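The values are calculated or read from the model by the stated rules, or taken from the named source; none is laboratory data. What you see is a predicted model, and the numbers here were worked out from it, not measured in a lab. We place every Cβ from the backbone using ideal geometry, glycine too, and count neighbours over all the protein chains shown.
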Amino acid sequence: MHCIRKLTNNLTWVGANDRRLSIFEGVYPISKGMSYHSYLLEDKKTVLFDTVDRAVHQRFMENVSHVLGGRKLDYLVVQHMEPDHSDGIADILTHYPDVKIVCNSKTSLFMKQFYDLDIDRRIHLVGEGDTLHTGRHTLHFVMAPMVHWPEVMVTYDSTDGILFSADAFGNFGASNGALFADEVDFEADYLGEARRYYSNIVGKYGAQVQALLNKAAALELNMICPLHGFVWRKNMDTLLSKYKLWSSYTPERTGVMIVYGSIYGNTENAAEILACKLREKGVQTVLFDASVTHVSHIVSEAFRWSHFVFASATYNAGLFTPMEVLLNELVSHNIQNRTAAIIENGTWAATSGNLIHSKLEKCKNMNILESRVRLKSSVKEEDLMQLEAVAEHIASQLI
């Protein structure tokens, strides 16, 4: 049975939710499932914006069929060829053989790579600034390469002021009946997952996101319809302002994210002592065990906080494995414009500090503090002075 929601008189959500999925893209743990959005515009011509993941394909097809009510589908706009948005293309072509596929040239190439389909006769190619008139509505196509695949485009309906934003402005989590962001307490309950979605999925491509934001700023927006997460029809500046911060690698909060990689608890002890010292000086802190907290959550927090402390044991003459994974992820997600301090630990040949430093040097505008805590096996009375010095150095910058 179909499950749909009206966005306007002639625009309907025909997507679906997957609450059984626990790991998105085989990488990111999601405790609240995932939404897959598709939208159907009814005008003189009918237009479907993207399809969905194969896990929810049956419900999606029921939704499309119900809304069309026997009408033919004239256009399928393919904004992004990642399979969680394109797995329904083959069935759409089978059920609606006269449909025209609206896409750009790179999308057409990717479509042929994914599917063995006869699509050349069906393709309606568009480029930057091209338009499509469907009757009352005029669709404008805007290229958004690397947000977060190279072929991505977004579509702007100038008649109703609606931006179909592909993977931009999304978040993890199923919609649970509440399709619009104003139907929930977004900042309290979903902002963290929007940040984690952005930082891990799109975070590497800040410059490209900035380019899209600049294009969006010139549009009169009444609604933003992403492919995951919530539809925005009110208070859009709530999310747009966050995207401006995240894409420019500007911290949301002044404070310290402390992450430790500890084998037997001694490095953890040093990290906790430092956190207490910083709190006593009035500095906000968060503390994460790299062995326990999934790296995607720590990457998300890195986009949030202004200062970092990385504390790691030496392991097999190198970095403790979870810390190495984290630092590699931060580098690959292009984190920058931060200040970082280092705590190293080792019983016979401590190398973790220099290895952390060499990783952080790959980040742009990363201010690595010269004051470093060097531990030998466990925290001793004399080590407290080192921890105090780092706490004082950081606090002097923040208070």
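Listed values, structure above:
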item: Check on LYS277, at pLDDT 95 or above, touching an Asp or Glu at 6+ places or on another chain (Cβ under 8 Å) and either among the small types (Gly, Ala, Ser) or in a loop (DSSP other than H, G, I, E, B) (or both); result: no
item: Lone unmet requirement of (1) over 15 Å from ASN269 (Cβ atoms); (2) touching a residue at least 60 places away in the same chain (Cβ under 8 Å); (3) in a strand (DSSP E or B); (4) not polar (S, T, N, Q) for ALA341; result: (2)
item: Meets criteria (surrounded by 22 or more Cβ atoms within 10 Å (Cβ to Cβ), in contact (Cβ under 8 Å) with a residue 60 or more places away in the chain and under 25 Å from the mean Cα position of the chain (by Cα)) for VAL77; result: yes
item: Answer residue from the range 1-37, given it is in contact with a helix residue (DSSP H, G or I) (Cβ under 6 Å, 6 or more places away or on another chain) and free of Cβ contacts under 8 Å to residues at least 60 places away in the same chain and is nearest to TYR190 (Cα to Cα) among those; result: ALA16
item: Those residues of the range 320-339 which are over 23 Å from PRO29 (Cβ atoms) and out of contact with any His (no Cβ under 8 Å at 6 or more places or on another chain), in sequence order; result: GLN336, ASN337
item: Residues of the range 289-307 that turn out to be free of Cβ contacts under 8 Å to residues at least 60 places away in the same chain, buried (at least 19 other Cβ atoms within 10 Å of the Cβ) and touching a helix residue (DSSP H, G or I) at 6+ places or on another chain (Cβ under 7 Å), as a count; result: 3
item: Tabulated pairs, the range 315-329, first assigned by TED's automatic domain parsing to the domain that holds MET366 and within 21 Å of GLU301 (Cα to Cα), second among the aromatic types (Phe, Trp, Tyr) and surrounded by 14 or more Cβ atoms within 10 Å (Cβ to Cβ), C-beta under 7 angstrom, 6+ apart or interchain; result: THR321/TYR315; MET323/PHE310
item: Matching residues in the range 184-200 - criterion: being acidic (Asp, Glu) and in contact (Cβ under 8 Å) with a residue 24 or more places away in the chain; result: GLU187, GLU193
item: Residue under evaluation TYR156, criteria (1) hydroxyl-bearing (Ser, Thr, Tyr); (2) in contact with a strand residue (DSSP E or B) (Cβ under 8 Å, 6 or more places away or on another chain); (3) surrounded by 24 or more Cβ atoms within 10 Å (Cβ to Cβ), criterion not met; result: (3)
item: Verdict on PHE180 being within 22 Å of ILE4 (Cα to Cα), touching a Pro at 6+ places or on another chain (Cβ under 6 Å) and modelled with pLDDT of 95 or more; result: no
item: Output for the range 11-21, where each listed residue is in a loop (DSSP other than H, G, I, E, B) and either over 17 Å from VAL52 (Cα atoms) or hydrophobic (A, V, I, L, M, F, W, C) (or both); result: VAL14, LEU21
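Yes/no matrix, rows are residues, columns are (1) at pLDDT below 95; (2) polar (S, T, N, Q); (3) buried (at least 17 other Cβ atoms within 10 Å of the Cβ):
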{"residue": "ARG19", "(1), (2), (3)": "no, no, no"}
{"residue": "SER35", "(1), (2), (3)": "no, yes, yes"}
{"residue": "TYR39", "(1), (2), (3)": "no, no, yes"}
{"residue": "GLU42", "(1), (2), (3)": "no, no, yes"}
{"residue": "LEU48", "(1), (2), (3)": "no, no, yes"}
{"residue": "THR51", "(1), (2), (3)": "no, yes, yes"}
{"residue": "ARG59", "(1), (2), (3)": "no, no, yes"}
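Matching residues to (1) hydroxyl-bearing (Ser, Thr, Tyr); (2) free of Cβ contacts under 8 Å to residues at least 12 places away in the same chain; (3) not in a helix (DSSP H, G or I):
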site: VAL47; (1), (2), (3): no, no, yes
site: ARG59; (1), (2), (3): no, no, no
site: VAL64; (1), (2), (3): no, no, no
site: MET81; (1), (2), (3): no, no, yes
site: LYS112; (1), (2), (3): no, yes, no
site: ARG121; (1), (2), (3): no, yes, yes
site: GLY127; (1), (2), (3): no, no, yes
